[in-house]
Structure formats: structure tokens, C-alpha cells
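Data first, discussion second: the structure below is written as C-alpha cells.
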Amino acid sequence: MRELDYNHDFTDPGERAAIDLVRSEFDGGPVLDLGVGLGRTINILKPLTSDYRAIDYLPAMVEICRKRYPDACVELGDARTLHGMPEQYFSLVQFSFNGIDAVTPSDRLRVLASVYRVLKPNGVFLFSTINLHGPASRARPWHIYIPDGIGLPRTMVRTARSLLWLPFELIHWHKLRRLSVRGPDFMVAPLAAHHWGVLAHFTSYAHELKELRTAGFTTIAVFDNENGERINTYSNTSHIGWFHFVARKYAA
Ligand SMILES: C[S@@+](CC[C@H](N)C(=O)[O-])C[C@H]1O[C@@H](n2cnc3c(N)ncnc32)[C@H](O)[C@@H]1O
């Protein structure tokens with residue numbers, strides 16, 4: 001979460017590209033921001049509408065967000081149910097920074113069904129999700145990641161820090177690995193974030209397209225996180241960390 005606290009802008013070029021696409025034809029209607037966390041997305045989405053609402057299921061996040069953004073409507077709420085939200089009301093619903101990957105595969109379908117219910121016909125659902133075939137699914141606690149060109153002193157500090165954390169990370173990873181679930185085109189497995197302390201959902205591009213279609217959405221565009229380039233069925237996705245999906249609710 002510390003990373004998000006410092007980042008009041010876009011997480012990556014893919015998020016920017018997805019938002020730019022939505023903004024280019026946005027009707028200024030109501031916006032619902034799911035899993036708002038510390039509020040990074042408020043400054044991005046609130047200017048688009050006079051009816052911005054955000055929820056998070058962690059009371060601490062709601063409290064921090066309300067303090068930081070007293071003018072924003074931030075409530076405690078669960079994306080799996082969206083209890084109390086008006087039906088067929090929102091022009092845009094967003095679940096950013098892989099928030100949807102925090103729930104189980106069956107709850108993911110509940111999120112999609114709830115989002116479908118609260119969106120207007122032709123309303124847009126924007127979310128990001130971790131790539132099953134990308135670097136995050138190949139990462140292991142003992143892989144030490146050193147970004148290019150950071151110089152020797154920082155390389156040494158990073159390496160020392162990684163080695164210091166390694167025993168704890170191995171314990172976390174080992175415990176969570178037992179809870180992993182593997183499907184034909186998705187998995188739930190430990191994620192490197194939070195020192196391998198969380199399980200996350202990983203999905204392939206094709207699987208997510210199918211899941212959206214089944215839930216009543218048509219996918220308008222998908223962007224990769226790193227360069228903000230459009231993905232299609234023929235793209236090689238092995239280097240892509242996560243996807244940004246822009247989907248539209250079918251008009252009834
Ligand atoms: C990775 S953070 C992203 C925070 C923020 N949206 C951003 O992009 O900077 C994911 C957030 O989603 C929230 N979250 C996860 N599952 C949720 C659910 N079912 N309902 C509501 N919030 C949820 C978490 O509490 C967390 O604050």
C-alpha cells in the first residue's frame with residue numbers, strides 16, 4: 001500500500017490509455033469507484049462527473065480516504081454485492097489496480113454480476129487484472145529483482161534487503177501455496193506483493209474475454225500495463241504484468 005500512497009497519478013501507461021479512451025467519449029454520468037483504497041483514483045475520476053461515488057470494504061481505507069478527500073463520497077461497501085447501489089444507474093464503474101484479483105474465482109463472478117446490475121445499458125466497466133502468462137506468475141521469492149541501470153550502491157542495498165526478507169517470504173509463500181487453485185485458464189496463487197503475504201487471481205487474456213462475455217459485457221479494448229499498447233488475440237502476452245480491460249454492458 002505504501003507504493004499507492006506515493007502515487008497520486010496513473011499506475012502505468014496502460015491505465016492512462018484505458019482512462020483516455022473512456023474519457024474521449026464519456027457522457028459525464030455517474031461514476032462508481034470500487035476498492036478506492038487510499039484514494040489515488042479520486043483525482044482521476046471525480047473531475048469526469050458531478051456524481052462520483054467510491055467504496056472500499058476495509059473500514060480503515062474508507063476512514064483515510066474521507067479525511068484526505070472530504071469532498072468525495074466514500075462509503076464502506078463490498079464490490080461482490082454492491083448492496084444499496086441503484087440499479088442501471090452508473091455510466092462508468094472502475095475496479096483499478098487489480099482489485100478484482102483479491103476475491104475468489106466465484107466471487108469474481110459475483111463482482112461482474114453486481115457491476116452489470118448497477119451499470120446503465122452501454123455503461124462501461126474498467127478494471128485491471130493480473131496476467132496468468134506474465135512475469136508475476138513466474139516470480140518466486142528467491143528471484144531477486146534488480147531494475148536496470150540503478151547503479152552498484154542501490155543494487156547492493158536491494159540485494160541485501162531481499163536476502164533479509166527471504167526467510168519470511170519463503171514461509172509466507174510456502175503456507176499460501178497450499179491454498180493455490182489451478183483452473184484451465186486461471187489460477188489463484190501467492191503474489192509477490194506484501195512479501196508474498198497475499199493470494200491473487202491470475203487470468204489469461206482469452207479467459208477474461210470469455211468471462212466478460214458470459215457476464216453480459218462486450219470488450220471494447222484491452223491495454224498492457226507496461227506500454228499502454230492494445231492487446232488482441234494474436235498478441236504475445238508473456239511479458240505483460242497485467243491487463244487493463246475496457247468493457248461495455250450490452251444494451252438490453
Ligand atoms: C490494490 S488496492 C487499489 C486501490 C486503489 N483503487 C488504487 O488503484 O490505487 C485494492 C483495493 O480494493 C479493495 N477491495 C478488494 N476487494 C474488495 C471488495 N470485494 N469490495 C470492495 N473493496 C475491495 C481493497 O481493500 C483495496 O483497498
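The values are calculated or read from the model by the stated rules, or taken from the named source; none is laboratory data. Note that the structure is predicted; figures quoted are calculated from it, not measured. As a convention, Cβ positions derive from the backbone with ideal geometry for all residues, glycine included, and neighbour counts pool all protein chains shown. The protein model used for the area step is the full one, side chains on, heavy atoms only, and it has no ligands, DNA or RNA in it. Shrake-Rupley method; radii C 1.70, N 1.55, O 1.52, S 1.80 Å.
Kirkwood hydrodynamic radius of the range 82-225, from the reciprocal of the average inverse Cα-Cα distance over all distinct pairs: 17.2 Å. For the chain, treating each Cα as an identical point scatterer without solvent, what Debye log10 I(q)/I(0) comes out at q = 0.07, 0.11, 0.13, 0.15 1/Å? Debye intensities relative to I(0), on a log10 scale: -0.24, -0.61, -0.85, -1.12. Need one number: the % of Cα-Cα pairs in the range 171-252 sitting beyond the 15 Å mark. I get 64 percent for the Cα pairs in the range 171-252 exceeding 15 Å. Counting only the heavy atoms of the protein chains, how much of Ser24 is accessible to a 1.4 Å probe, in Å² to the nearest 10? About 90 Å², ignoring ligands and nucleic acids. Stretching Arg154 away from Leu179 to a fully extended chain increases their span by 5.5 nm, per 0.36 nm per residue minus the current alpha-carbon distance.
Diffusion of the range 71-131 by Stokes-Einstein, at 37 °C in a medium of 0.692 mPa s and with Rh set to the Kirkwood radius over alpha-carbon pairs, works out to 271 µm²/s.
With a length cut of 18 Å (Cα positions projected on each helix's long axis) and a Kyte-Doolittle mean of at least 0.0, go through the chain and give me the DSSP H helices that pass.
Membrane-span-like by this criterion, though nothing is claimed about a membrane: 105-118.
The value for the range 126-180 of Rg(Cα) / (2.2 N^0.38 Å) is 1.40. Protein heavy-atom surface of the range 34-90, 1.4 angstrom probe: 51% of the accessible area is carbon and sulfur, with nucleic acids and ligands not counted.
Given R₀ = 41 Å, FRET efficiency for Cys73-Thr214 by Cβ-Cβ distance, to 0.05?
Working from the Cβ atoms, E equals 0.85.
Take the convex hull of the alpha carbons in the range 1-85; its mean projected area over all directions comes to 5.8 nm². Solvent-accessible surface of protein heavy atoms, probed at 1.4 angstrom with all chains present, puts Arg108, Arg23, Arg178, Arg138 in the order Arg178, Arg138, Arg23, Arg108, largest first.
Extension gain for Asp20 to Tyr145 (0.36 nm times residue separation, less C-alpha to C-alpha distance): 41.9 nm. Between the range 219-251 and the range 157-187, how far is it from one alpha carbon centroid to the other, in angstrom? Using only Cα atoms, the two centres lie 27 Å from each other.
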